[in-house]
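*Asks:* Encoded as structure tokens, here's the structure I'll be asking about.
The values are calculated or read from the model by the stated rules, or taken from the named source; none is laboratory data. The structure presented is a predicted model; accordingly, all values stated were derived computationally and were not measured. Backbone-built Cβ (ideal geometry, glycine too); neighbour counts: all protein chains shown.
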Amino acid sequence: MKQYSVATEFSQETEQSQETQLYWKIECLYKNLGLIYGTQGLILRASKLDAIDLMGSPKLEERILALQRILQEDPTINEVDPPGNLGLALDRLEEKVAEVFARKSIEEQIQQRIQEKMDEKYSEYIRDLKLEVLKEQSSSPENAQTLKKLGRLEKMEHTNLSRSALEILRPSCREDIIGQGKALSSIISKLNNPYPQHILLYGPPGVGKTSCARLALEMVKGRKGNPFKEDAPFIEVDGTTLRWDPRESTNPLLGSVHDPIYQGAKRELAEEGIPEPKLGLVSDAHGGILFIDELGEMDPLLQNKLLKVLEDKRVFFESSYYDPHNERIPQYIKQLFEKGVPADFILIGATTKSKEEINPAFRSRCMEVFFEPLRADHIRQMVVNSAKKLNINMEDGVAEIIAEYTAEGRGANKILVDAYALAVNESCGEEAPLEVRCQHIYQAIRNSRITPQILNRASDSSEVGKIFGVGVSGYQASLIELEAIAFPAEEQGKGNIRFNDTAGSMARDSLFNATSLFRKETGENLKNYDLHINIVGGGNVDGPSAGAAIYLAILSAIKGMALRQDLAITGEVSIQGRVKAVGGIYEKIYGARQAGIKKLLIPRDNLKDVPEDIKGLKIVPISYIKEAYPHVFSPGQVESGGELPIYKEVRYVPRFLSGRVPINKTGGGF
């Protein structure tokens with residue numbers, strides 16, 4: 001019994017000792033919190049967390065609960081965690097207080113270091129602050145000179161000339177596109193689908209390539225079934241003017257990087273040594289069309305860079321000044337360098353060059369559309385439409401005169417606008433309807449030194465030794481007037497052949513073929529003649545397509561057989577008499593029709609190149625030169641079956657008698 005009472009007393013003493021330890025732990029924790037937050041700070045913190053009453057409670061559990069609310073900043077805690085184990089709860093609170101105390105100590109150390117740095121840089125800070133205050137207090141950065149210049153700029157803004165007449169006459173709807181309906185429809189079809197394609201436009205200048213491209217986008221954007229939105233941009237640039245710096249500090253097409261050492265970087269970025277990329281036209285065209293006129297004239301290296309953008313649909317920038325670990329670089333600049341800039345656009349390139357002269361890499365990535373040369377009736381219709389837009393009347397024959405002097409829509413409008421200006425000044429401000437007369441057109445033509453577009457025209461006559469070939473320059477074709485004259489050589493077998501010095505080497509090769517073929521066909525030796533073949537107007541004939549015409553001119557001159565002047569021929573002639581395929585048939589057909597040719601002889605192998613809707617011109621395909629005789633010579637000069645009559649050697653027949661005086665078959669001539 002005595003042992004039990006002793007154990008009970010010992011247990012009570014132990015419990016009192018534990019409570020005392022818990023009490024002093026609690027007091028110690030409150031004391032440390034007072035040191036961390038301060039007495040007033042601790043009281044304010046406890047009041048916000050509804051812990052003031054709990055702090056003064058005689059119960060250990062409530063005082064511990066108050067500590068938990070303060071340290072965890074949670075006024076909703078209503079019981080000690082873990083329940084029933086005050087010792088464990090105090091141990092956790094001790095760790096929390098130690099953590100807060102350590103953080104407070106580190107903050108004080110950092111604050112002390114900051115203060116030391118501030119003391120070191122005090123004078124610099126004061127100077128910068130003074131400058132900032134001066135900037136803020138300054139009423140205006142302007143002075144008398146800057147205000148004067150500003151006033152001059154504002155005055156310039158309010159001084160506007162009227163729009164250019166050529167801008168008014170620019171096509172604005174599908175009905176304004178004359179002669180290029182097929183090309184416009186082709187462009188629209190390549191854009192108005194879920195997978196639009198890059199496009200290359202070929203054709204002569206002034207036929208509407210730029211206008212068709214711009215109009216096509218206006219017609220397709222916003223439609224269902226294609227990716228172009230209502231606000232899709234049309235960015236236009238001239239490829240001949242695009243310049244770039246290999247250091248990439250200047251590249252208006254693809255974009256460039258303004259390094260801090262170069263002009264152009266923003267001041268706040270330059271002071272930090274941060275490079276800033278400047279976006280180019282390919283980024284401006286994102287989601288729309290990038291139209292490059294004269295694409296073939298671009299720098300070859302720049303073309304290759306553009307091809308990379310077409311593949312990636314994104315532009316990437318590089319700079320030795322860019323540091324990806326610099327935390328002061330703005331996020332947008334980091335994204336420009338690390339992810340690049342989207343450049344998803346459709347390229348439409350226009351060129352007056354042939355497709356063989358264009359970079360094959362572009363041709364392999366682009367669909368190709370060819371624009372037709374404008375005919376005289378197209379030019380006349382354009383002039384009529386332009387006169388309506390300018391609200392003027394025209395004398396009969398005005399449109400026809402303009403069509404004689406140009407094959408370009410832009411050129412036709414320039415002549416009309418020049419004549420319009422002359423008529424306006426002549427009217428002296430009269431209100432009567434303005435009329436442009438033929439004399440105004442001729443005066444405008446003389447002022448601009450414009451020559452007729454077609455210098456050689458067909459006729460219904462026949463001449464000996466004269467025939468028309470057809471040549472192509474770019475996408476324009478014109479007649480080549482070939483003439484030949486023959487004299488008996490002063491000494492048998494020692495005749496000479498003279499040909500234009502300016503003719504190209506391939507034209508000379510055609511002449512050699514023609515002379516060999518002549519001997520094969522007639523059995524005669526050209527060494528018995530002094531022969532002169534002339535390309536009227538001179539020039540370099542690049543290609544073999546004049547071979548057939550040269551042969552026929554020689555044959556006509558020596559045999560005295562008149563050639564029709566309403567006919568033209570094109571084709572390479574072989575020494576076996578075959579007429580072989582040549583290029584530019586499409587353009588040659590239009591050029592021949594423009595010049596009034598009624599019949600055009602072409603190689604049979606080129607028949608597939610003939611357009612379907614040719615009117616006003618008969619196309620005759622031939623395989624051998626003999627097949628041309630019934631067409632090129634006047635009736636009665638060719639025997640049945642297309643064979644040539646057997647003529648002996650002849651003397652020179654004067655041009656004014658050619659085609660009218662029969663040649664003596666027995667020789668001697670006149």
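*Asks:* If a residue counts only when it is surrounded by 15 or more Cβ atoms within 10 Å (Cβ to Cβ), which helices (runs of 4 or more DSSP H) contained entirely in the stretch 327-430 have at least 3 such residues?
*Replies:* Answer list for the stretch 327-430: 331-338, 376-390, 398-405, 409-427.
*Asks:* Going by the conditions given, is Ile467 touching a Leu at 6+ places or on another chain (Cβ under 7 Å), at pLDDT 90 or above and under 23 Å from Phe633 (Cα atoms)?
*Replies:* Yes, satisfied.
*Asks:* Looking only at the stretch 570-609, filter to residues that are surrounded by fewer than 16 Cβ atoms within 10 Å (Cβ to Cβ) and aliphatic (A, V, I, L, M); which one of those is farthest from Met506 (Cα to Cα)?
*Replies:* Checked the stretch 570-609; the qualifying residue farthest from Met506 (Cα to Cα) is Leu607.
*Asks:* Let me ask you something else. Pairs needed: first member in the stretch 523-546, assigned by TED's automatic domain parsing to the domain that holds Leu511; second member anywhere, loosely packed, with under 14 Cβ neighbours inside 10 Å and part of a strand (DSSP E or B); C-beta distance under 6 Å; at least 6 residues apart or different chains.
*Replies:* That search, which allows pairs on different chains as well, returns His532/Arg498.
*Asks:* Next question. Could you list all residues from the stretch 538-591 that are more than 20 Å from Glu627 (Cβ to Cβ), aromatic (Phe, Trp, Tyr) and touching a strand residue (DSSP E or B) at 6+ places or on another chain (Cβ under 7 Å)?
*Replies:* Correct list: Tyr590 only.
Condition check ((1) touching a helix residue (DSSP H, G or I) at 6+ places or on another chain (Cβ under 8 Å); (2) among the aromatic types (Phe, Trp, Tyr); (3) over 13 Å from Asp293 (Cβ atoms)) across all residues:
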site: Asp176; (1), (2), (3): yes, no, yes
site: Lys182; (1), (2), (3): no, no, yes
site: Tyr195; (1), (2), (3): no, yes, yes
site: Cys212; (1), (2), (3): yes, no, no
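*Asks:* Ok, one more. Name every residue in the stretch 210-243 that is assigned to a helix (DSSP H, G or I), of a type in the set (Val, Ile, Thr) and under 17 Å from the mean Cα position of the chain (by Cα), in order of residue number.
*Replies:* Listed by number, the residues that qualify are Thr210, Thr240, Thr241.
*Asks:* Sticking with this structure for a sec: What's the total number of residues in the stretch 77-115 that are hydrophobic (A, V, I, L, M, F, W, C) and under 20 Å from Lys59 (Cβ atoms)?
*Replies:* Number of matching residues: 7.
*Asks:* Assuming Glu294 fulfils every condition listed in (1) of a type outside the set (Val, Ile, Thr); (2) under 20 Å from Pro342 (Cβ atoms); (3) surrounded by 15 or more Cβ atoms within 10 Å (Cβ to Cβ) apart from one, which condition is it?
*Replies:* The failed condition is (2).
*Asks:* Return only the number of the condition from (1) charged (D, E, K, R); (2) under 20 Å from Leu49 (Cβ atoms); (3) modelled with pLDDT under 80 that Lys121 does not satisfy.
*Replies:* (2)
*Asks:* Here is a follow-up. Kindly indicate whether Ile550 is of a type in the set (Val, Ile, Thr), in contact with a Lys or Arg (Cβ under 9 Å, 6 or more places away or on another chain) and within 21 Å of Leu601 (Cβ to Cβ).
*Replies:* no
*Asks:* Here are some conditions: (1) closer than 26 Å to Lys599 by Cβ; (2) at pLDDT 90 or above. Cys438 meets all but one. Which one does it not meet?
*Replies:* (1)
*Asks:* Out of (1) touching a residue at least 40 places away in the same chain (Cβ under 8 Å); (2) outside the structural domain of Cys212 (by TED's automatic domain parsing), the odd one out for Ala399 is which?
*Replies:* That leaves (1) as the condition not met.
*Asks:* Which condition number in (1) out of contact with any helix residue (DSSP H, G or I) (no Cβ under 6 Å at 6 or more places or on another chain); (2) assigned to a helix (DSSP H, G or I) is the one that Ala458 fails?
*Replies:* The number of the failed condition is (2).
*Asks:* Here's a follow-up. Yes or no: Tyr23 farther than 15 Å from Ala89 by Cα and either buried (at least 16 other Cβ atoms within 10 Å of the Cβ) or in contact (Cβ under 8 Å) with a residue 12 or more places away in the chain (or both)? Break it down into steps so the answer makes sense when it comes.
*Replies:* Numbers: farther than 15 Å from Ala89 by Cα: no; either buried (at least 16 other Cβ atoms within 10 Å of the Cβ) or in contact (Cβ under 8 Å) with a residue 12 or more places away in the chain (or both): yes.
Here the answer is no, as Tyr23 does not meet what is asked.
*Asks:* So, one more: Inspect the stretch 513-520 for any residue being assigned to a loop (DSSP other than H, G, I, E, B), among the β-branched types (Val, Ile, Thr) and either farther than 18 Å from Ser634 by Cβ or touching a residue at least 60 places away in the same chain (Cβ under 8 Å) (or both) and give the result as yes or no.
*Replies:* No: the stretch 513-520 contains no residue that is assigned to a loop (DSSP other than H, G, I, E, B), among the β-branched types (Val, Ile, Thr) and either farther than 18 Å from Ser634 by Cβ or touching a residue at least 60 places away in the same chain (Cβ under 8 Å) (or both).
*Asks:* Would it be correct to say that Leu215 is under 23 Å from Gln381 (Cα atoms), surrounded by 14 or more Cβ atoms within 10 Å (Cβ to Cβ) and not small (Gly, Ala, Ser)?
*Replies:* Numbers: under 23 Å from Gln381 (Cα atoms): yes; surrounded by 14 or more Cβ atoms within 10 Å (Cβ to Cβ): yes; not small (Gly, Ala, Ser): yes.
So Leu215 fits the description; yes.
*Asks:* What about Leu302, is it at pLDDT 85 or above, over 13 Å from Pro342 (Cβ atoms) and buried (at least 19 other Cβ atoms within 10 Å of the Cβ)? Full working, then the answer.
*Replies:* Working: at pLDDT 85 or above: yes; over 13 Å from Pro342 (Cβ atoms): yes; buried (at least 19 other Cβ atoms within 10 Å of the Cβ): no.
So Leu302 does not fit the description; no.
*Asks:* Then there is this: Go through Leu336, Leu295, Leu307 for me and flag whichever is at pLDDT 90 or above, in the same structural domain as Glu276 (by TED's automatic domain parsing), touching a strand residue (DSSP E or B) at 6+ places or on another chain (Cβ under 8 Å) and of a type in the set (A, V, I, L, M, F, W, C).
*Replies:* Values: Leu336 fails: at pLDDT 90 or above; Leu307 fails: touching a strand residue (DSSP E or B) at 6+ places or on another chain (Cβ under 8 Å).
It is Leu295.
*Asks:* From Ala548, Ala477, Ala592, Ala557, which residue is in a strand (DSSP E or B) and small (Gly, Ala, Ser)?
*Replies:* After applying the criteria, what remains is Ala477.
*Asks:* Moving to a separate point now. Spot the failing condition for Val80; the list is (1) within 16 Å of Ala46 (Cβ to Cβ); (2) in contact (Cβ under 8 Å) with a residue 12 or more places away in the chain, and only one is missed.
*Replies:* Only one criterion is unmet by Val80, namely (1).
*Asks:* Do you know which residues across the stretch 439-473 are surrounded by 15 or more Cβ atoms within 10 Å (Cβ to Cβ), of a type in the set (Gly, Ala, Ser) and within 26 Å of Glu587 (Cβ to Cβ)?
*Replies:* Correct list: Ala458, Gly469, Gly471.
*Asks:* Which of the numbered conditions does Phe468 fail, given that it passes all the others? Conditions: (1) closer than 29 Å to Leu601 by Cα; (2) aromatic (Phe, Trp, Tyr); (3) outside any strand (DSSP E or B).
*Replies:* Only one criterion is unmet by Phe468, namely (3).
*Asks:* Restricting the stretch 181-209 to residues that are farther than 19 Å from Ser354 by Cβ and of a type in the set (S, T, N, Q), which is nearest to the chain's Cα centre (by Cα)?
*Replies:* Taking the candidates together, the pick is Gln197.
*Asks:* Restricting attention to the stretch 610-622, does a residue exist that is at pLDDT 55 or above, surrounded by fewer than 16 Cβ atoms within 10 Å (Cβ to Cβ) and in a helix (DSSP H, G or I)?
*Replies:* no
Matching residues to (1) closer than 28 Å to Arg564 by Cβ; (2) out of contact with any Ser or Thr (no Cβ under 8 Å at 6 or more places or on another chain):
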| site | (1), (2) |
| --- | --- |
| Asn447 | no, yes |
| Val470 | yes, no |
| Ala484 | yes, no |
| Gln492 | no, yes |
| Ala503 | yes, yes |
| Arg508 | yes, yes |
| Leu511 | yes, yes |
| Phe518 | yes, yes |
| Glu521 | yes, yes |
